[in-house]
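Data block below; observations after.
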Amino acid sequence: MINLSSIDIANKNLVVRVDMNVPMEDGHILDATRIEACIPTINYALKNNAKILLISHLGRPTEGSFEEKFSLKPVAKHLSNIINKTCKLISSLESDEIFDGESNVQLLENIRFFKGEKENCKDLGNKLASLGDIYVFDAFGTAHREQASTHSAIKSAPIACAGLLLEKENEFLFQALNKYEKPYIAVIGGAKVSTKLGLIKHISGVADHIIVGGGIANTFLKASGFNVGKSLIEDSMIDVAKEILKQGKIVLPTTVITSKTFKGDDIRETSINEVTDEEMILDLYLTDKTTALIDKARTILWNGPMGVFENSFFSKGTKDLSEAIANSKAFSLAGGGETLSAINKYIKSDDVSYCSTGGGAFLEFMEGKILPSINMLNSKITGS
């Protein structure tokens, strides 16, 4: 894979695919983390007197049509404030202003407003690639999708390379899979075993222990013979969970927090042996064993919360886990939207060695899959 830092970009026109798909409400950005993650690549390009046309999607508009609520206008404004330069919003692929305006930083309107993006349309990919001298892919969060801006454009571009963010993601995720130190602890939470099954199976080949939480823990508890009442579980995954348990790596909770409703009616702290038929397990306590494993770890992979942490009644497990990882001396890698929300809520991103910007892309990478965008970048021959 060719990296941006290894090629001459001085005075070149760069088309840069980024991931600025930020949460919005009434035109206001709720979390600008993904925008901020793009800044190193933008600054590096500007330092080399390059011009930039940024490409991103936002939300899920009806492809091929403009929808105001999915416009990248607020993103352009926010980015302008961060870099202290005007970021010009470009609404058409045929605009005469592309690389010819007063601003060296431009942002194409939501790529999903252009027909053919999701279908990986070759013509759209060709058009995007032809706009500049170099096509830079820096949107790790979309690297698992074969779409026009994430696949066809890379294939069509005479020169295509990885941006600084993608380079960093690749480095740290590769380390967690291939250059890790032992003991290795994986922490996997969330609602469903089925969505994390590939990760659990693959990571069990390198991890010494896998701490589970959320609905995933409930399914493993039931597979172990415990009564989980009305807790969220996947009955279809019980047999799979039993097979995974035979490896002896799954670490289950011994004390949980239950309630009869998500509102917190009749909350109680109880042993996993004493959950009643009417209760739901909505959070867990970290055992002394779990805390000791985290403390002694040299590598920690974290994906998913321990409970319904959005509700303060059921936040203890995730909060305690966050603080334990923050205090650990291990190399720690975190990924997934809920995981990053927990980090921002209870600790600081600097307390974790690396926070990945990917959701689905993070999972697929850590499952050992080759992501389509990265695969296409690997197939490119460097230009001179």
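Counting only helices (runs of 4 or more DSSP H) wholly contained in the stretch 179-246, no element carries 1 or more residues that are outside the structural domain of ASP265 (by TED's automatic domain parsing), of a type outside the set (S, T, N, Q) and farther than 22 Å from ILE294 by Cβ.
Among the residues examined, SER349 qualifies as under 30 Å from VAL16 (Cβ atoms) and surrounded by fewer than 16 Cβ atoms within 10 Å (Cβ to Cβ).
Only residues that are touching a Ser or Thr at 6+ places or on another chain (Cβ under 7 Å) and at pLDDT below 95 were counted across the stretch 177-202, and they come to 1.
Does ASP123 satisfy the criteria of being within 24 Å of LEU79 (Cβ to Cβ), more than 24 Å from the chain's Cα centre (by Cα) and of a type in the set (D, E, K, R)? It is false that ASP123 is within 24 Å of LEU79 (Cβ to Cβ), more than 24 Å from the chain's Cα centre (by Cα) and of a type in the set (D, E, K, R). Please enumerate the residues belonging to the stretch 3-30 that are charged (D, E, K, R) and under 18 Å from ASN110 (Cβ atoms). Across the stretch 3-30, the qualifying residues are ARG17, ASP19, GLU25, ASP26. Considering the stretch 352-381, and only residues there that are surrounded by fewer than 22 Cβ atoms within 10 Å (Cβ to Cβ) and small (Gly, Ala, Ser), the residue that is farthest from PHE174 (Cα to Cα) turns out to be SER379. Counting only helices (runs of 4 or more DSSP H) that sit wholly inside the stretch 22-113, those with at least 3 residues that are outside the structural domain of GLY335 (by TED's automatic domain parsing) and over 25 Å from ALA143 (Cα atoms) are 73-83.
Going through (1) out of contact with any Lys or Arg (no Cβ under 8 Å at 6 or more places or on another chain); (2) under 30 Å from ILE159 (Cβ atoms); (3) not aromatic (Phe, Trp, Tyr) one by one, PRO372 falls short only on (1). Within the stretch 48-93, the set of residues being of a type in the set (Asp, Glu) and touching a helix residue (DSSP H, G or I) at 6+ places or on another chain (Cβ under 9 Å) comprises GLU63, GLU67. In the condition set (1) under 25 Å from PRO183 (Cβ atoms); (2) surrounded by fewer than 23 Cβ atoms within 10 Å (Cβ to Cβ), THR261 is compliant with all but (1).
Restricting attention to the stretch 122-173, report how many residues are part of a loop (DSSP other than H, G, I, E, B) and surrounded by fewer than 19 Cβ atoms within 10 Å (Cβ to Cβ). Write out each step before concluding.
Start the filter on the stretch 122-173 by keeping residues that are part of a loop (DSSP other than H, G, I, E, B), which leaves 131-133, 138-139, 143-147, 157-159, 163.
Within this subset, residues satisfying the condition of being surrounded by fewer than 19 Cβ atoms within 10 Å (Cβ to Cβ) are 133, 146, 158.
Matching residues across the stretch 122-173 total 3.
In the set (1) on the phi < 0 side of the Ramachandran plot; (2) crowded, with 17+ Cβ neighbours inside 10 Å; (3) modelled with pLDDT under 95, LEU321 fails one condition alone, (3). Checked against the criterion of being out of contact with any Leu (no Cβ under 7 Å at 6 or more places or on another chain), in contact (Cβ under 8 Å) with a residue 40 or more places away in the chain and surrounded by fewer than 20 Cβ atoms within 10 Å (Cβ to Cβ), the candidates ARG60, ARG17, ARG34 yield just one match: ARG60.
The values are calculated or read from the model by the stated rules, or taken from the named source; none is laboratory data. Computed from a predicted structure; not experimentally measured. Methodologically, a virtual Cβ is constructed for each residue, glycine included, from the backbone with ideal geometry; neighbour enumeration extends over all protein chains shown.
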